[in-house]
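Laboratory data are not the source of any read-out in this text; all were calculated from the coordinates shown. All values derive from a computational prediction rather than experimental measurement. Don't worry about glycine lacking a Cβ; one is built from the backbone with ideal geometry, like all the others, and counts go over all protein chains shown.
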Amino acid sequence: MYIWQSEPMPTSPSTILLVTPVWNDSSRLAVFGPELARVLASTALPIRWIIADDGSEKDDCARLAALLEKFAAVFPRVKLHFAAAHYGKGSVIREAWALDPQAEWLAFVDADGAVNAADTVALIESALAADCSVMGLRKRTAETQIKESLYRGLMHRAFLMVADIMLGLRSEDLQCGAKVLRAVDYRKIAPDLRENGLAFDSELLCALHHSGADWQEQPVNWTQKNGGKVHPLRDAWGMLKALNRVRKRFHG
């Protein structure tokens, strides 16, 4: 078992902690990681990047360690954190965010690169400018493009319809894999978060809404990637059960 960088990270004023969760994802991070490292290195923002592994196989952990060296040569403020076991995306993101208890902003972006590096940094810049949490939004506009299969698009819209009925959130895209939160808002709700798996995003927004916190949604370019671990039909029943748990906890 690998354990590294599990202690709290040193902080600086207005630290932005960006987490990329991975689980047997070294091959996809090998494609997206260099792009993200280059873009992070080009900005003056005080960003710290944590690659947070959610209990990957030993060989994949070794590949992550090798990738870290390459990323650090471009963007030195990157660390690798290994969870003790595989619990889920929500669990490892919360665990990584807790490594810097003084960070003023908390963000995550998925390792597949569906949301590109430039749009990820643009979300962070918008959050700082507005002093408000900003969530990525998969939406076609004059400036943004969405590249996805018809099946994926239909399943996404069906999920949003069901989630809206069950949770009553004012969100156009609960599950987009890029979000930036004001840490003060997140820490108020952190003790109430329970979902470790795919419902993490939905629970997060539901808890923020329940607490009275506000957020903005910003369109991003989004490209469907191969090799994803989410299978809409296979995972649909588990997601419905998770949404029902969230509904009961926050709406009674």
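Structure data summary
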quantity	calculated
Dipole magnitude (debye, nearest 20) for region 98-251, charges at Cβ of Lys, Arg, Asp, Glu	720
Stretchable slack from residue 66 to residue 84, in nm (0.36 nm times residue separation minus alpha-carbon distance)	4.5 nm
Pairwise label distance in nanometres, residue 241 with residue 43, each label 7 Å out on the Cα-Cβ vector	3.8
Considering only the chain, percent of DSSP beta bridges that pair antiparallel, nearest 5	25
Sparse-neighbour loop sites [trypsin sites (Lys or Arg not before Pro); region 157-209; at most 12 other C-beta within 10 Å; DSSP]	170
Cβ charges +1 (Lys, Arg) and -1 (Asp, Glu), total dipole of region 53-135, debye	180
Fewest-first sequence of 51, 16, 165 by Cβ atoms within 10 Å of each Cβ	165, 16, 51
Label selected from [x] 19.1; [y] 20.3; [z] 18.3, the criterion being Kirkwood radius over Cα pairs in Å as computed here	[z]
Calculated FRET efficiency for the pair residue 118/residue 152, C-beta based, R₀ 30 Å, to 0.05	0.85
Positive-end extreme of charge dipole, the chain - chosen from 67, 196, 166 (charges on Cβ)	166
Options 115, 76, 46, ranked by Cα towards positive dipole end of the chain, top entry (Cβ charges)	115
Projected label distance in nm at residue 161 and residue 58, using a 7 Å step from Cα toward the beta-carbon	4.9
